[in-house]
């Protein structure tokens with residue numbers, strides 16, 4: 001028979017006509033516009049430009065795949081927890097778009113330019129505007145798919161699950177700063193901090209992967225208890241790094257408490273150390289909030 005045995009349609013109309021569908025269409029339109037503008041005249045270069053282009057292409061590609069699988073209902077054939085995957089990706093895309101919307105104008109918009117560069121400047125302004133606007137459709141998707149009071153949803157849709165994505169993203173920013181001449185090899189104490197960042201990031205990614213893959217029920221231990229205990233230890237570990245890193249980076253005995261004058265932007269170890277210190281405190285706060293919210297949620301295992 002050519003008909004659906006349940007009497008439904010093969011294509012999912014809600015994937016287009018719902019608020020969530022409208023948000024994804026906006027994501028695709030803006031993402032395609034950004035890629036076209038950058039490829040045509042706006043341009044990009046160096047590591048910062050490559051990162052921005054990766055964000056736009058990666059987000060557009062995954063969104064197109066998600067939209068296609070949702071409208072054709074083929075996501076039911078995939079061996080993953082679809083709801084956990086989509087909300088986790090939407091959260092990640094929101095964060096990536098925010099950073100790209102800040103990084104691109106900082107490094108590619110010029111305050112002084114010649115008449116020959118005027119057209120390129122207009123294109124780059126357009127890219128910045130579209131990228132900034134595109135943060136909102138992804139944020140709307142997170143808002144629409146987040147956990148509602150009393151509803152049984154996937155872990156990634158809860159505040160704790162969304163915070164896991166943010167924690168992992170912040171850790172990536174820390175790793176980028178560490179790799180940018182942060183001089184963390186000078187002291188055992190700063191090497192300890194790097195171990196803490198790596199350990200917490202690895203466990204957070206594992207928690208996300210296990211949840212998105214829908215394998216939490218197959219684990220031989222209580223997943224909810226493990227997550228809470230891990231979050232508690234992550235708070236303790238990040239608290240230690242929040243104290244140790246600034247001492248060995250900015251105390252006069254080990255470093256400099258003021259930014260050196262001969263310190264070019266983007267190539268200064270002092271700046272990298274400051275970024276690490278700031279985002280260490282950010283992640284400490286995120287893990288603490290995560291610990292508080294994890295006491296309020298209850299896990300429902302499903303095969």
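Every number here is computed from the coordinates shown, using simple stated rules; none is lab data. A quick note: this is a predicted structure, and the numbers were derived from the prediction, not measured. Neighbour counts run over all protein chains shown; Cβ positions are idealised from the backbone, glycine included.
On the principal axes of its alpha-carbon atoms, segment 20-65 has extents of 35, 18, 13 Å, going from largest to smallest.
Here the simple spin-label model places points 7 Å from the Cα toward Cβ, and for residue 281 and residue 202 these points are separated by 2.9 nm.
How long is the gain from residue 191 to residue 11 if the chain were fully straight, where each residue apart is worth 0.36 nm and the alpha carbon distance is subtracted?
Values: separation 180, 0.36 × 180 = 64.80 nm, distance 5.34 nm.
Once the chain is fully extended between residue 191 and residue 11, it gains 59.5 nm.
Descending by average beta-carbon neighbour count within 10 Å, the peptides 160-166, 232-238, 71-77, 26-32 line up as 160-166, 26-32, 232-238, 71-77, the highest first.
Can you tell me, using C-alpha contacts under 8 Å and at least 6 residues apart, the relative contact order of segment 1-145 as a whole percent? Present the calculation step by step, with values, prior to reporting the outcome.
On the way: 135 pairs, mean separation 55.0, N = 145.
Across segment 1-145, relative contact order equals 38 percent.
Take the Cα of residue 120, step 7 Å toward its Cβ, do the same at residue 29, and the gap between the two points is 3.1 nm. Here the extension length gained between residue 236 and residue 68 equals 56.2 nm, from 0.36 nm per residue of separation less the Cα-Cα distance. Extending 7 Å from Cα along the Cβ direction at residue 295 and again at residue 209 yields two label points whose distance is 3.2 nm.
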